[in-house]
Amino acid sequence: MANLANAGPEVYDDRAARLFLWATLLWGIVGMSVGALAALQLAFWPANGGISWLTFGRIRPIHTDAMVFAFAGNAVFAGMYYSLQRLCKKRLFSDFLTSLHFWGWQAIIAATAVTLALGMTQGKEYAEMEWPIDLAIAVIWVVMCINVFGTIAKRRVEHLYVAIWFYIASIITIAVLHIVNNLAIPVGAFKSYSIYSGVQDALVQWWYGHNAVGFLLTTPFLGIMYYFLPKAVDKPVYSYRLSILHFWALIFVYIWAGPHHLLYTSLPEWAQSLGMVFSLVLIAPSWGGMINGLLTMRGAWHKVREEPVLKFYVLALTFYGMATLEGPLLSIKSLNLLSHYTDWTIAHVHGGALGWLGGMVFGMAYWLAPKLWNTELYSKKLANMHFWIATIGLLLYVSSMWTAGITQGLMWMATTEEGLLKYPNFLETVLALIPLYWVRMIGGTMYLAGSVLCVYNIYKTAKAGQPVDIEVDTSNDRHVAPRTFHERLEGKAFPLTALALVAVLIGGIVEFVPAFLLETKVPTVTATTPYTPLELQGRDIYIREGCYNCHSQMVRTHHKEELRYGPHSKDYEFLYDFNFQWGSKRTGPDLHRVGKKYPDLWHYRHMLDPRLTSPGSIMPSYPWLFDSKVDTSLLAAKLNGLTKLGVPYKDSVLQDPVAAYNEQADVIVATLAAEGITATNDLEIIAMIAYLQKLGTERAPDEASH
């Protein structure tokens, strides 16, 4: 309930916004720099350096997580804490919780970067962090929740403005997503296995992945838009009624669309179709928000030429509209068949991230800095220069990746008059893209250069001014009696939060309940067996090296896909995959049918130097696999943990897993010795070979001959 009786002077805690703004900008430089290195590695493979923690597979998730949780996450907290106090006319609930939130979040980001570089990962996109960090995220999120909802509870106004609705929906939904997706059984200090496997894990992961984009990279930034854009143009939001429709339609529809990431896979058809339909419906509320934002700027277009803040907001809303149209279109099955696993998805993601998010963040930063340090922006000229450098870089980036993605899709699907693949060698498509990868790197580097200009500009602005915490008098605030149901709801934080939670839970429940109640259709007689101790260790090494970033393990249900890779993947084949490894990008070929396709020697040479077996390959070498010995200290714990998840290991294997490990490893060592290769059975390369040779080899007897 609003604390209207205690109206009077109030000093806002703008230290919070200053801290999170600096964190946003500095982590943004780090994340973009790592992204530029990753782009260079795709164009020029020697840039991997032959160093384990520097390879593309390890730094790519560092780049994505830095941009999602460090750059975007800190920006959300900066904008939310600044606007929340002014919308509630109340200082943040607790200075201590604000500090704990800030330093705890930065520690989580640093720990994530270090552990991912060391190969400690779950192998789930946007959720790679291992269980201790996941627990820390949950704790700090609770800290933030107490601070936000405590501020709302003690507010000095009755009405909750639209920006706060979006903040509330984001906070509660991210909490649900994080908890459900990261349920796992720990088997070591930084090692765990998801409680879900195969198809179910894929459904949960992309329910999380899609909605993490929706409720961390979209809805809170819409809240920021609804506060900062009207402030920047000094006009009220165009339509409050449209903002109501925008909010409720978006949070209800968004949560259903996750399965569109899994079209033509082993996911049940009904779930795929559901995801596609709701993705298309999502266009309406998304564009409603874009239109509301653009029309709020009516009458202020003449200012855009001079004001960098408005330039960035126009860029943001334009790319928001583009991304929220392109995403649903890419969920149409026929188009998704062409685009999925290609660089078209990379173009789509970065159009949203650098266009929509970057535009909102930099627009907010240039508007906020003079107010946080009580001075003028150091240089509008530099800010305008930043805009043009970033915009040109962004256009180079997305246009090159659009071209690369369409090229990939068409080459993969092209056939001759005889019905054979026109480009059977996967490397043909890779080599065709190298020039476009260079263009992408140049565009990304330009965007990074613009961000450096922004940091310099904000630094000079802060240096010229003094940090201030604004004091306001709320004595003259008046209570306006609500007239409609929604106006009454806007004055009641708990019912609003509860209804928002119900709206976002409905879609997840409808999708999950059938998927989890209906058992995976495992044939009565099947050859599917658990991973052996050696294969399990090899699989963990595969995940550690981030191989899923470039290789999928899912042959889709399409005849041209089967021409290239073999029979399409079946749901039961992933029964013992904790976590699933279907992937979302094919920089290299799909691996689900690679088992027994090549001899052990081929895999040995391929991992030592991919150019030995695949001339022109851009894959990095993995020399450390040939020197490092497998750590079997957690092997028993791993098997016991998987047994708790229902994996049927034999008692003999559980009692002496190392003996079973050595027995299988000795066979591979002997096979290599016959080819003149000397190796010991405890090397990581032996485990990796065992895992790769397992992939896709166990099919039901009635299907194995097809």
Kindly provide the set of residues from region 172-187 that are outside any strand (DSSP E or B) and surrounded by fewer than 22 Cβ atoms within 10 Å (Cβ to Cβ), ordered by number. Ile172, Ala175, Val176, His178, Ile179, Val180, Leu183
Within region 153-171, tally of residues that are of a type in the set (A, V, I, L, M, F, W, C) and surrounded by fewer than 19 Cβ atoms within 10 Å (Cβ to Cβ): 1
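Residue-by-condition table, conditions (1) surrounded by fewer than 20 Cβ atoms within 10 Å (Cβ to Cβ); (2) under 35 Å from the mean Cα position of the chain (by Cα); (3) modelled with pLDDT of 95 or more:
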residue: Leu642; (1), (2), (3): no, yes, yes
residue: Gly646; (1), (2), (3): yes, yes, no
residue: Lys650; (1), (2), (3): yes, no, no
residue: Val653; (1), (2), (3): yes, no, no
residue: Gln664; (1), (2), (3): yes, no, yes
residue: Val667; (1), (2), (3): yes, no, yes
residue: Ala670; (1), (2), (3): yes, no, yes
residue: Thr697; (1), (2), (3): yes, yes, no
residue: Asp702; (1), (2), (3): yes, no, no
In region 240-274, residue surrounded by the most Cβ atoms within 10 Å (Cβ to Cβ) [restricted to those that are more than 30 Å from His592 (Cα to Cα) and among the β-branched types (Val, Ile, Thr)]: Ile251
Looking at Gly595, is it under 17 Å from Ile689 (Cβ atoms) and either among the small types (Gly, Ala, Ser) or surrounded by fewer than 18 Cβ atoms within 10 Å (Cβ to Cβ) (or both)? yes
Could you figure out which of (1) out of contact with any helix residue (DSSP H, G or I) (no Cβ under 6 Å at 6 or more places or on another chain); (2) farther than 30 Å from Leu40 by Cβ isn't true of Lys585? (2)
Every residue from region 369-381 that is assigned to a helix (DSSP H, G or I) and either under 23 Å from the mean Cα position of the chain (by Cα) or buried (at least 19 other Cβ atoms within 10 Å of the Cβ) (or both): Ala369, Leu372
Working carefully through the options Val277, Val237, find the one that is surrounded by fewer than 23 Cβ atoms within 10 Å (Cβ to Cβ), among the aliphatic types (A, V, I, L, M) and not in a helix (DSSP H, G or I). Val237
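Looking at His261, His246, which one is closer than 23 Å to Trp344 by Cβ and either part of a helix (DSSP H, G or I) or in contact with a Lys or Arg (Cβ under 7 Å, 6 or more places away or on another chain) (or both)?
Answer to the check: His261.
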Selected residue (criterion: nearest to Leu368 (Cα to Cα)) from residues of region 90-104 that are touching a residue at least 60 places away in the same chain (Cβ under 8 Å) and aromatic (Phe, Trp, Tyr): Phe102
Between Leu183, Leu177, Leu250, Leu203, which is closer than 30 Å to Thr528 by Cα, free of Cβ contacts under 8 Å to residues at least 60 places away in the same chain and within 24 Å of the chain's Cα centre (by Cα)? Leu183
Residues that are among the hydroxyl-bearing types (Ser, Thr, Tyr), farther than 21 Å from Pro186 by Cβ and touching a residue at least 12 places away in the same chain (Cβ under 8 Å), at least 1 per element: which helices (runs of 4 or more DSSP H) completely within region 612-705 meet that? 657-673, 684-694
Checking the conditions here, which among Leu87, Leu116 is without any contact (Cβ under 8 Å) to a residue 60 or more places away in the chain, part of a helix (DSSP H, G or I) and either within 26 Å of the chain's Cα centre (by Cα) or under 16 Å from Tyr227 (Cα atoms) (or both)? Leu116
Return the total of residues in region 107-123 being out of contact with any helix residue (DSSP H, G or I) (no Cβ under 6 Å at 6 or more places or on another chain) and closer than 20 Å to Val76 by Cα. 2
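The values are calculated or read from the model by the stated rules, or taken from the named source; none is laboratory data. Keep in mind it's a predicted model, so treat the numbers as computed, not measured. Virtual Cβ from ideal backbone geometry, glycine too; neighbours counted across all protein chains shown.
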